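Presented below is the structure to which this report refers.
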Amino acid sequence: MNSLKTVFFMSLMTALFVVIGNLLGGNFGMIIGLGFAVVMNFGSYWFSDKIVLSMYGARQVDAASAPKLYLMVERLARNANLPMPKVYVMNNDTPNAFATGRNPKNAAVAVTTGILRLINDQELEAVIGHELAHVKNRDILIGSVAATFAGAITMIANMAQWAMIFGRSDDEDSGGLIGGLVMMIVAPIAATMLQMAISRSREYIADRDGAQIAGNPMALASALAKLHNMNHDHPIQGAGPATAHMFIINPLSGGGVFKLFSTHPPVEERIKRLREQAAGRA
């Protein structure tokens, strides 16, 4: 199902880039948009995981450099009947984690240095179980592709904004002006809405399956509560809306209208469901 969703998503994004190209540059812009979409589709499928990992300065570790973490991931991967993913550590004091990759055979799990210090072993196991559930359920490809495309949409919107600011008025027609305005306003919202549609329901499923992999729903509930509070007080530096949906807890902070476009379901509801699971009611 997720494979079909990924194909549909990539097709939708191709159409979007063609429309964007038409709005900003007519027929020639459509050709440029199509070419850009082809490059983005290829790059997002094969390299989106590497792009996201490099964005956060993640370094790969092994059994020699991070034995406790590596052996924990290895044991939980066996529990989930998954191939051993690559393991990465991000040098960041805010506790968080995400998974990425094309498929279970080419997956990676990344955690921050903060999460290694600030939660206990049972909670860390539950967090890794959650990320392995995303791998097992094949959420990781569409999440990584969404991150790449959302970043590209935001970039195009910014380019349209600067083009309008510095472009000469006598060179602009009303269509170009309207197209630029549309991209400035709609593109970032569209990117966030796409992330929302992809990730919100999947987080509940990953919580449930991750708790089964680690064998401790209450440990995951405890970890989510801690991570939520810490990320709210100290958001991850350098994190952006394009990749926020990949993390177990939203690495950004905000209220009001921001909550309408949150890429994660309410943490209170996630904890409630995990407690029901622990009590045997889910």
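Of these, Val257, Val267, which one is modelled with pLDDT under 75 and either crowded, with 16+ Cβ neighbours inside 10 Å or not acidic (Asp, Glu) (or both)? Exactly one of Val257, Val267 is modelled with pLDDT under 75 and either crowded, with 16+ Cβ neighbours inside 10 Å or not acidic (Asp, Glu) (or both), namely Val257.
A search for C-beta distances below 6 Å between a residue of the range 214-237 that is of a type in the set (Gly, Ala, Ser) and any residue that is modelled with pLDDT of 95 or more and not in a helix (DSSP H, G or I), counting only pairs 6+ apart in sequence or on different chains, returns Ala223/Ile119. The number of residues in the range 9-22 that are among the aliphatic types (A, V, I, L, M), surrounded by 20 or more Cβ atoms within 10 Å (Cβ to Cβ) and either free of Cβ contacts under 8 Å to residues at least 24 places away in the same chain or farther than 12 Å from Phe149 by Cα (or both) comes to 1. Scanning the range 98-135 for residues that are assigned to a strand (DSSP E or B), farther than 17 Å from Lys226 by Cα and among the aliphatic types (A, V, I, L, M) yields Ala99, Ala107, Ala108, Val109, Ala110.
So for the range 42-50 (the condition being touching a residue at least 24 places away in the same chain (Cβ under 8 Å), surrounded by 19 or more Cβ atoms within 10 Å (Cβ to Cβ), in contact with a Phe, Trp or Tyr (Cβ under 9 Å, 6 or more places away or on another chain) and more than 29 Å from Tyr88 (Cα to Cα)), does at least one residue qualify? Within the range 42-50, none of the residues are touching a residue at least 24 places away in the same chain (Cβ under 8 Å), surrounded by 19 or more Cβ atoms within 10 Å (Cβ to Cβ), in contact with a Phe, Trp or Tyr (Cβ under 9 Å, 6 or more places away or on another chain) and more than 29 Å from Tyr88 (Cα to Cα). Among the residues that make up the range 25-36, is at least one of them surrounded by 22 or more Cβ atoms within 10 Å (Cβ to Cβ) and more than 20 Å from the chain's Cα centre (by Cα)? Checked against the condition, which is being surrounded by 22 or more Cβ atoms within 10 Å (Cβ to Cβ) and more than 20 Å from the chain's Cα centre (by Cα), the range 25-36 yields at least one hit.
If we scan the range 156-163, do we find a residue that is within 27 Å of Gly57 (Cα to Cα) and modelled with pLDDT of 85 or more? No; the residues of the range 156-163 include none that is within 27 Å of Gly57 (Cα to Cα) and modelled with pLDDT of 85 or more. Tallying residues that are part of a helix (DSSP H, G or I) and touching a helix residue (DSSP H, G or I) at 6+ places or on another chain (Cβ under 9 Å) within the range 36-65 yields 14. Taking the options Thr113, Thr100, name whichever one is exposed (fewer than 15 other Cβ atoms within 10 Å of the Cβ), on the phi < 0 side of the Ramachandran plot and touching an Asp or Glu at 6+ places or on another chain (Cβ under 8 Å). When all the criteria are applied, what remains is Thr113. Per the conditions (1) part of a loop (DSSP other than H, G, I, E, B); (2) in contact with a strand residue (DSSP E or B) (Cβ under 9 Å, 6 or more places away or on another chain); (3) modelled with pLDDT of 80 or more; (4) of a type outside the set (S, T, N, Q), the sole criterion not satisfied by Leu227 is (1).
Could you say which residue among Pro95, Pro83 is touching a helix residue (DSSP H, G or I) at 6+ places or on another chain (Cβ under 8 Å), within 14 Å of Phe247 (Cβ to Cβ) and either in a loop (DSSP other than H, G, I, E, B) or of a type in the set (Asp, Glu) (or both)? Matching residue, one of Pro95, Pro83: Pro95. Against the definition (closer than 16 Å to Phe98 by Cα and either at pLDDT below 90 or not in a loop (DSSP other than H, G, I, E, B) (or both)), how does Gln277 come out, yes or no? Against the criterion (closer than 16 Å to Phe98 by Cα and either at pLDDT below 90 or not in a loop (DSSP other than H, G, I, E, B) (or both)), Gln277 does not qualify. One residue alone among Leu69, Leu23 is in contact with a Gly (Cβ under 8 Å, 6 or more places away or on another chain) and not in a loop (DSSP other than H, G, I, E, B), and that residue is Leu23.
Residues that are modelled with pLDDT under 90 and not in a helix (DSSP H, G or I) were ranked within the range 136-155; the one that is farthest from Thr243 (Cα to Cα) is Arg138.
The values are calculated or read from the model by the stated rules, or taken from the named source; none is laboratory data. Note that the structure is predicted; figures quoted are calculated from it, not measured. Cβ coordinates were reconstructed from backbone atoms using ideal geometry, including for glycine residues, and neighbour counts include every protein chain displayed.
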